[in-house]
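Let me begin by presenting the structure, written as structure tokens, before commenting on it.
Just so it is clear, none of the values below were taken in a lab; they were calculated from the coordinates. Quick caveat, the model's predicted, so the values are computed rather than measured. Cβ: placed from backbone, ideal geometry, glycine included. Neighbour counts: every protein chain shown.
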Amino acid sequence: MLATSERIELLEYAEGLAKMVVESDIAEQYQICLYKMQSNRETQRKISQFVSLKELYEEVQRFGKYHPDYKGVMMKIREYKREMDLDPLVAEFKLAENDLQSFLDQISMLIGSAVSKHIKVPTGNPFFDNGHGCGSGGSCGCSN
């Protein structure tokens, strides 16, 4: 594959677009939320507690309800996950993360549809999958 001036120009445009995304208000809000979440000791304690129990949870999942600590671990993992998810900084981060993902999905759709309306862009978001199917092989009854 030869590097033509057209390809180099496209790569420069892509780099420019990436820079604009990184410098956008949405990406800045994401970075701020990430920093606040990572800097807060109480939030980090909740996350660490959940992550450490998650390892035990995965071990319990191998044996299912036959594991001796099945019920206890299942109750604790739900408790810790709820505690972590209800932390205001985690919730704020998740909202910022969703906003950034939505923004990137919109950009992907614009680029894909500029090439052809038949281009399938994997957004993972059914809002953007307009008429191109859900990816389940048609089992949901869509036109796929």
**Request:** Give me the number: length gained by fully extending SER113 to LEU95, i.e. 0.36 nm times residue separation minus the C-alpha to C-alpha distance, one decimal in nm.
**Result:** 3.8 nm
**Prompt:** For the pair ARG62 and ALA18, what calculated FRET efficiency results from E = 1/(1 + (r/R0)^6), where r is the Cβ-Cβ distance and R0 = 35 Å, to the nearest 0.05?
**Reply:** 0.25
**Request:** Within 10 Å of each residue's Cβ, count the other Cβ atoms and sort VAL115, VAL21, VAL121 from fewest upward.
**Result:** VAL115, VAL21, VAL121
**Complete:** For the range 5-115, the Cα convex hull volume per residue in Å³ comes to 154 Å³
**Where labels lie 7 Å past Cα in the beta-carbon direction, separation of GLN38 and ASP25 in nm** = 2.4 nm
**Prompt:** Which ordering of SER108, SER39, SER24 is given by a fewest-first count of other beta-carbon atoms within 10 Å?
**Reply:** SER39, SER24, SER108
**Complete:** Which of LYS36/LYS94; LYS94/LYS120; LYS46/LYS94; LYS71/LYS94; LYS19/LYS94 exceed 20 Å between C-alpha atoms? The answer is LYS94/LYS120; LYS71/LYS94; LYS19/LYS94
